[in-house]
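Worksheet: one structure, shown below.
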Amino acid sequence: MLIFLHHRLVFLAVPKTGTTALEDALSAHSSIVLRGPPAVRHMNAGEYHHSWGPFLRETYDMVPHTMAVLREPMERLRSWYKYRRASEFAGMRVSTKGVSFEQFLEATLADERPAYAQIGSQDRFCLSAKDEPRIRHLFVYEDLGRALGFLEERLDRKIKLAARNRSPRAWTRVSAELIARVRLQRAREFSLYEKVAQSGHLETPKAH
């Protein structure tokens, strides 16, 4: 998570959405950078509004706008699968080494999911229990130029991204039937993504 006090903006980092390079490019210009454990670095909207939102309001007398970038849900699952195939996870319960992508997806659909298939969803990161966005500005990775344009205008600076954070190559073709079942289980996430992707930028003023 990145906080830009002078520009009244908070960047919430949704896991595995391809924004690591963007976060790296922005961190030097932010007032506060939250790194460390995933629960801190990838604080979701609900946690932010419960903790940091009140802190910024009480300490700095400000209610900044929040923003985040989403990724097409199937591509995000592929990214998680490839990421957990890396050698750094070898021998660990979260490793997907030796697991096919179809097996990985089947595991994410199970009632009791193995550690390697315990993947959060973007709708839970961004939405309230009433399905309302709790992040003011939402963008999609597939149209990242729109998010960059917004940031460059908001921060009044050019942003140059460096390529990095590439996951190991892997065979990730799956059947149409399995994709349909994934879409059904993650219908709320697909619906949110498609709503944002229609214009590339969804603004919800009351979300702050």
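Brief remarks on what is shown
- VAL14 meets each of the listed conditions (1) touching a helix residue (DSSP H, G or I) at 6+ places or on another chain (Cβ under 8 Å); (2) surrounded by fewer than 18 Cβ atoms within 10 Å (Cβ to Cβ) apart from (2).
- Only one entry of LYS195, LYS206 meets the criterion of being at pLDDT 95 or above, exposed (fewer than 15 other Cβ atoms within 10 Å of the Cβ) and within 24 Å of HIS49 (Cα to Cα), and that entry is LYS195.
- Selected residue (criterion: nearest to LYS82 (Cα to Cα)) from residues of region 42-54 that are in contact (Cβ under 8 Å) with a residue 40 or more places away in the chain and of a type outside the set (A, V, I, L, M, F, W, C): HIS42
- Unique residue being within 17 Å of VAL10 (Cβ to Cβ) and in a helix (DSSP H, G or I) when the list is PHE150, PHE190, PHE139: PHE150
- Condition met for ARG85 (of a type outside the set (Ser, Thr, Tyr), farther than 24 Å from ALA180 by Cα, under 23 Å from the mean Cα position of the chain (by Cα) and surrounded by 20 or more Cβ atoms within 10 Å (Cβ to Cβ)): yes
- Subset tally (residues that are without any contact (Cβ under 8 Å) to a residue 12 or more places away in the chain and either under 30 Å from LEU9 (Cα atoms) or assigned to a helix (DSSP H, G or I) (or both)) for region 102-111: 2
- When region 1-11 is filtered for residues that are surrounded by fewer than 20 Cβ atoms within 10 Å (Cβ to Cβ) and under 11 Å from the mean Cα position of the chain (by Cα), nothing remains.
- Screening the candidates PRO64, PRO114 for the property of being free of Cβ contacts under 8 Å to residues at least 40 places away in the same chain and of a type outside the set (A, V, I, L, M) yields one hit, PRO114.
- For VAL99: the one exception among (1) out of contact with any helix residue (DSSP H, G or I) (no Cβ under 6 Å at 6 or more places or on another chain); (2) surrounded by 14 or more Cβ atoms within 10 Å (Cβ to Cβ); (3) over 22 Å from PRO38 (Cβ atoms): (3)
- The lone exception for ILE159 - which of (1) more than 19 Å from PRO15 (Cα to Cα); (2) part of a helix (DSSP H, G or I); (3) of a type in the set (A, V, I, L, M, F, W, C) it fails: (2)
- Annotation: GLU106 fulfils all but one of (1) within 21 Å of the chain's Cα centre (by Cα); (2) modelled with pLDDT of 95 or more; the unmet one is (1).
- Qualifying positions in region 26-41 - crowded, with 18+ Cβ neighbours inside 10 Å and in contact (Cβ under 8 Å) with a residue 60 or more places away in the chain: LEU26
- Within region 88-96, one or more residues are outside any loop (DSSP other than H, G, I, E, B) and either free of Cβ contacts under 8 Å to residues at least 40 places away in the same chain or surrounded by 13 or more Cβ atoms within 10 Å (Cβ to Cβ) (or both).
- Residue match in region 119-133 (condition: in a strand (DSSP E or B), touching a strand residue (DSSP E or B) at 6+ places or on another chain (Cβ under 9 Å) and closer than 19 Å to ARG188 by Cα): yes
The values are calculated or read from the model by the stated rules, or taken from the named source; none is laboratory data. As the structure is a prediction and not an experimental result, all values here were calculated from the model. Cβ: placed from backbone, ideal geometry, glycine included. Neighbour counts: every protein chain shown.
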